[in-house]
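First comes the structure, then the notes that go with it.
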Amino acid sequence: MAEEAILGYLQNHEGISDSGQFATDHGLDHSDVVNVIKSLHGFRYVDAQDIKRETDVLTEEGEKYAEQGSPEVQLFLAVPAEGSILKEELQKLVDPAVFKIGCSQAAKNKWVQMGNQISRKVQHVEDRIKDLLLQIRDGQEIDTGDKKSLKARKLIAVQTWKGYSVRKGPDYAPIRRRTATDLTREYLQGGDWRNIEFKEYNFSAKGPPPEGGHLHPLNKVKERLKDIFRLMNFEEMPTNRYVESSFWNFDALFQPQQHPARDSHDTFFLKAPETTKQLPEDYVELVKRVHESGGYGSRGYGYDWKREEANKNLLRTHTTAISSRMLYAVAQLAKQQSFTPKRYFSIDRVFRNEAVDRTHLAEFHQIEGLVCDRGLTLGHLIGVLQDFFSRLGMDKLKFKPAYNPYTEPSMEIFSYHEGLGKWVEIGNSGMFRPEMLRPMGFSEDVNVIAWGLSLERPTMILYGIDNIRELFGHKVDLALVKRNPLCLIGIQ
Ligand code: PHE
């Protein structure tokens, strides 16, 4: 309404000299008129100039006296026309504020005789104060001396009124053009986009504040673990490949092709791309040979190794696939230059075709560490594990012999859980076999000690979560992510 009125008026008039007057003349609310002017000014339909006017308005007290009469008159009227009244009696007749102000003003005006007994000095008074207040309320001008005294008595105050004077702006039009904010499918299909005027992009508009930024418990624990590895001088391995070939995931690790883990019941194989594009051929040949007939003091598995099986793509089942690639690269570099010992770690996602229950998921995270150096022994492995786990707050460790196709000896790692009062399995470890390391090109004196554990297990223990599905996957309660505290690993 206000918008049409303003734009329409400007069509036939020079300008609007006062938005307040304009609002009154057109029966509009001044604040609506002001809002429309601001918006029209922003879009250059009009040029608006501020106008400020100071007006006098009644204060709350002033309003009261405009209605009920000034305190001095109220007091005067309470004094009897004849005789006198005791001060205490008079006090009961009027309200306390009126009494106090009324006494001093009436005495000043010489209307009453003050003392213990109060009596009138004149028979009739005029309420000038009330009259002045009513004039101010009506918007009439009054004598400056009177105004000053009303201000001094805090019966009136100055109020600043803000409005605008308006003229046509550079982009004036009698009706505001509707501008489009989005380029839609319909605009493109119908060709309308050619004629439509698009709203200009406002680069300084503030967007809605983002309501995110909460770290998942797994990410928090992961960061702490990374800190621990870095403090132990371990380098992070690049884990950015979920898709891996069977070759790096299994064959390079001396895992036979008939091994049950390579069954589609255990591993997710890819349909597309079904096979890997390239493998290092010389090395593949050596891996084939060690599987079939051994070498380096081993008898091998004695079966027909098939290239097609090694080519199959899968979602990596463990981060040890990354370790095998990295170790191969270390061995190749050693052949060209000289051998450099390495400490590597990785923390990332792995996938297994498993039935999901409260402790298992089809995808989870593995933490893996390895040390590659000359002359390493099981004693070194135990020492490194003790160092690593004590930094996680697990001091009491026990080891139990185990089997992995790629490590010998292998050990399961147990830690004493104070809360549960028992030993719990926390990881797996071992020394990589010569059947794995020698085909890569490592010399006989180089050993690799390694261990692996899941990230979910320690996170669940730290956060007191007993169902893995509450931690990871589509059933996670987002409130848990928002509210969970920092984790409690003490880094030493
Ligand atoms: N890859 C093993 C697993 O998936 C963990 C492991 C890593 C074991 C390194 C020994 C050495 O459980």
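A few remarks follow.
- Rounded, prolate or oblate (a/c below 1.5 giving rounded, otherwise prolate when a/b exceeds b/c) for segment 379-441 by Cα gyration tensor: prolate
- Options Ala402, Ile382, Met440, ranked by Cα towards positive dipole end of segment 218-483, top entry (Cβ charges): Ile382
- Protection proxy ranking, peptides 204-210, 84-90, average beta carbon neighbours within 10 Å, highest first: 84-90, 204-210
- Taken about its Cα centre, the chain carries a charge dipole of about 980 debye when Lys and Arg each add +1 at the Cβ and Asp and Glu each add -1 at the Cβ.
- Its alpha carbons considered, segment 218-483 gives a radius of gyration followed by a Dmax of 18.7, 57 Å.
- Extension reserve of the Asp171-Glu281 stretch, reckoned as 0.36 nm per residue once the Cα distance is removed: 32.4 nm
- Taking all pairs of distinct alpha-carbon atoms in the chain, Kirkwood radius in angstrom: 32.2 Å
- Legend: calculated FRET efficiency, Phe43 to Gln68, from the Cβ-Cβ distance at R0 = 60 Å, rounded to 0.05, equals 0.75.
- Counting only alpha carbon atoms, the long axis of helix 320-336 and the longest principal axis of the chain meet at about 60°.
- Farthest toward the positive end of the dipole of segment 44-147, out of Gln135, Ala97, Gln68, is the Cα of Ala97, where the dipole comes from beta carbon charges about the Cα centre.
- Backbone geometry of segment 157-165 corresponds, through the Karplus equation with coefficients 6.51, -1.76 and 1.60 at θ = phi - 60°, to 3J(HN,Hα) couplings of 9, 8, 10, 8, 9, 10, x, 9, 10 Hz, x marking Gly and Pro.
- Distant-in-sequence amide H partners of Leu471 (H built 1.01 Å from N, under 5 Å): none
- Residues in segment 33-75 reached by a label modelled at Gln91 [backbone nitrogen below 20 Å; 7 Å Cα→Cβ]: 71-75
- Cα long-axis angle, helix 217-231 against the chain (0 to 90 degrees, to the nearest 10): 60 degrees
- Charge dipole of segment 218-483 (Cα centre as origin; +1 on each Lys and Arg Cβ, -1 on each Asp and Glu Cβ, all else neutral): 500 debye, rounded to the nearest 20.
- If the segment from Arg307 to Val424 were pulled out straight at 0.36 nm per residue, it would be longer than the present Cα-Cα gap by 38.1 nm.
- Rounded to 10°, Cα long-axis angle of helix 128-137 versus longest principal axis of the chain: 50 degrees
- Rounded Å value of the spacing that divides the Cα centres of segment 246-312 and segment 347-407: 23 Å
- Segment 177-199 versus segment 128-158: alpha-carbon centroid distance in Å: 59 Å
- Label-point separation in nm, Ser104 to Arg128, each point 7 Å along Cα→Cβ: 1.9 nm
- Largest accessible area first, the residues Leu462, Leu225 order themselves as Leu462, Leu225 under a 1.4 Å probe with ligands, DNA and RNA left out.
- Unit charges at the beta carbon, dipole of segment 218-483: most positive-side option, His474, Gln337, Thr319: His474
- Once backbone amide H atoms are built at 1.01 Å from N, Ala180 has Glu197, Phe198, Lys199 as its partners under 5 Å, excluding neighbours fewer than 5 places away on the same chain.
- Here segment 439-467 and segment 2-35 have alpha carbon centers that stand 76 Å from each other.
- Peptide packing for 55-65, 170-180, 359-369 was compared via the average number of neighbouring C-beta atoms within 10 Å per residue; ordered from the highest value, the list is 359-369, 55-65, 170-180.
The values are calculated or read from the model by the stated rules, or taken from the named source; none is laboratory data. Since this is a predicted model, take the numbers as computed values, not measurements. As a convention, Cβ positions derive from the backbone with ideal geometry for all residues, glycine included, and neighbour counts pool all protein chains shown. These area figures cover heavy atoms from the full protein model, side chains too; ligands, DNA and RNA do not enter into them. Shrake-Rupley method; radii C 1.70, N 1.55, O 1.52, S 1.80 Å.
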